[in-house]
Amino acid sequence: MTAQESSSIATLPVMGETAHQTYPSATLYVVATPIGNVTDISLRALHVLSLVNAVACEDTRNTAQLMTRFGLHKPLIAAHQHNEREVAETLIARLQAGERIALVSDAGTPAVSDPGARIVDAVRAAGLRVLPLPGASAAVTALSASGLVNDQFYFVGFLPAKAKQRENFLATLRAVTATMVFYEAPHRILDCATALAAVFEPERQVVFARELTKMFEEIHRCPLSEAEAWIKADPHREKGEFVVLLAGAPAAEDEQDVEAERILKILLTECSVKQAANLAAQITGRKKNALYDRALQLKDGD
C-alpha cells in the first residue's frame, strides 16, 4: 500500500464511526486479535483497546508488543489458564467499580481453545455485561479456504497428547458427519496425521492449514492416505501452528428411506411399477413420484 492510499483510507468517513458508537462502562469486552497478520485487527477492536481501563491477557509480553505496534499503552493483567478463577475476582471488582476491561488471548478469539471462558462465565454470573468484538479465528479461517463442502462443522480443538488416549478419542468421532476441526502443535503434527490415518478411512479428505495469515502460510488438501508422506516430504511442514480439517463421515441413509425401499422391493415382486409406487406411498407416506422413479431403477437393475 502506498502512502497516498494509506492516507486516503484514514480519511474515510467510516473511520470516525467507531468514536460515535456506545461503549458502556462496567463491561468486559472480549476482543479478538490477529492470528498472524497484525493488520487483520478490526477498527473497532483498536478503538476499544484505546478506551478501556485495562487489558486482561494471556501473555503480557505478547499483548504489550501488539499494543505498542498500534501506539497503545494500557495496564495489562495476566489472565492465563492457571489463574483464571483468581483473576476473575479482581476483574469483577473493577467492573463493579464502573471500569471497562478488555479480554484478549495471544491470538484469535478468547475462550476458543484459549483462556477466557472461566472469566466470561464468572463475569456473567456476577450480573455484569460481556460485549464481544468479532475478529480472527483460526478454525473459521481454515474452513473458509478448505473447499470441504459441508453445512456443519464440529470444533474439536486440541487432541489428547498421549497416543492411546488420542486413538481412543478419535474412535468416538468416526461417525461424525460434520467437518471436524482440530488444532495441533508443530511437534505433534506427524503423530496427529498418523493417528487420523489409523482410525479413519484412507480416502477421507484432510486439510492441513499451517501458519495462517503469516508469511509462510500453507494450506494443503489430500486424501488421508497421503497425509504422512506430505508432512515428511519437507521438514518445514513440522513447524508453525496447525489447523487440521477432516471431512466428515458420509451421511447414513435415512431409516424411513430404507424401510420404504424394502417395502417397494416386496411390492414389485407382485405388482407393476405404478401399482408398487402407489401402494408404497400409501404405506410409508413417502412421495409417490420419488418412489416411482426408484421403482423404475430397481426394475431396470433386475
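The values are calculated or read from the model by the stated rules, or taken from the named source; none is laboratory data. Not measured: the values here are computed from a predicted model. Cβ: placed from backbone, ideal geometry, glycine included. Neighbour counts: every protein chain shown. Quick note on the areas: whole protein, heavy atoms, side chains included, nothing else; ligands and nucleic acids left out. Shrake-Rupley method; radii C 1.70, N 1.55, O 1.52, S 1.80 Å.
The residue that is farthest from GLY147 (Cα to Cα), counting only those in the range 205-240 that are among the charged types (D, E, K, R) and free of Cβ contacts under 8 Å to residues at least 24 places away in the same chain, is ASP234. Put simply, of ALA276, ALA247, ALA295, ALA280 the only residue that is under 19 Å from PHE182 (Cβ atoms) and among the small types (Gly, Ala, Ser) is ALA247.
Being touching a residue at least 40 places away in the same chain (Cβ under 8 Å), in contact with a helix residue (DSSP H, G or I) (Cβ under 8 Å, 6 or more places away or on another chain), buried (at least 20 other Cβ atoms within 10 Å of the Cβ) and under 15 Å from VAL31 (Cβ atoms): is that true of GLY135 here? So GLY135 fails the test.
Pairs linking a residue in the range 174-187 that is among the β-branched types (Val, Ile, Thr) to a residue that is part of a helix (DSSP H, G or I) and buried (at least 21 other Cβ atoms within 10 Å of the Cβ), with Cβ atoms under 7 Å and 6 or more positions apart or on different chains, are VAL181/ALA139.
Condition check ((1) open to solvent by 30 Å² or more (accessible area, probe 1.4 Å); (2) basic (Lys, Arg)) across all residues:
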| site | (1), (2) |
| --- | --- |
| SER146 | no, no |
| ASP151 | yes, no |
| PHE158 | yes, no |
| LYS162 | yes, yes |
| ARG166 | no, yes |
| ALA171 | yes, no |
| VAL176 | yes, no |
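Give the range 17-35 a look and list any residue that's open to solvent by 30 Å² or more (accessible area, probe 1.4 Å) and modelled with pLDDT under 95, or say none. Across the range 17-35, the qualifying residues are GLU17, ALA19, HIS20, GLN21, THR22. For the residues LEU49, LEU95, LEU91, the requirement of being in the same structural domain as LEU28 (by the TED database), modelled with pLDDT of 95 or more and touching a Ser or Thr at 6+ places or on another chain (Cβ under 8 Å) singles out LEU95. Summed over the range 200-254, residues that are of a type in the set (Asp, Glu) and surrounded by 14 or more Cβ atoms within 10 Å (Cβ to Cβ) total 7. Checked against the criterion of being under 18 Å from ARG61 (Cβ atoms) and touching an Asp or Glu at 6+ places or on another chain (Cβ under 6 Å), the candidates PRO115, PRO75 yield just one match: PRO115.
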